[in-house]
Amino acid sequence: MQVILINSLINFKWYFIFLKVLEDVYLPSRPKLEKALDNLNYFFAIVFALEFVLKIIGLGMVGYFSSFWNCLDSLIVAVSLFPF
């Protein structure tokens, strides 16, 4: 049990180090990185929207929305497609 807890804490620490590397306060001063992140955002939004549409076609509306995780997935896709 203790080994699992220590392993979880180490992974948790590396997760936050990874997030800190991705977080960039001075993003406007780095236009190439800003453009690359914008392109990745559009790419993943399109991929997940396509997944959403294909699952709706495959499972049907009732089958798709009968799962909580699919409802959450559709909310995330909707939020990603409508920028604030």
Residue hits (segment 37-84; over 24 Å from Leu27 (Cα atoms) and in a loop (DSSP other than H, G, I, E, B)) are Ser66, Ser67
Could you tell me whether segment 19-36 includes any residue that is assigned to a helix (DSSP H, G or I), modelled with pLDDT of 90 or more and within 15 Å of the chain's Cα centre (by Cα)?
no
Would you say Ser74 is under 15 Å from the mean Cα position of the chain (by Cα), among the hydroxyl-bearing types (Ser, Thr, Tyr) and either surrounded by 10 or more Cβ atoms within 10 Å (Cβ to Cβ) or at pLDDT below 80 (or both)?
yes
Inside segment 34-60, the number of residues satisfying the requirement of being surrounded by fewer than 12 Cβ atoms within 10 Å (Cβ to Cβ), farther than 25 Å from Pro83 by Cα and not small (Gly, Ala, Ser) is 1
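The values are calculated or read from the model by the stated rules, or taken from the named source; none is laboratory data. Since the model is a prediction, treat every value here as computed from it, not as a measurement. Virtual Cβ from ideal backbone geometry, glycine too; neighbours counted across all protein chains shown.
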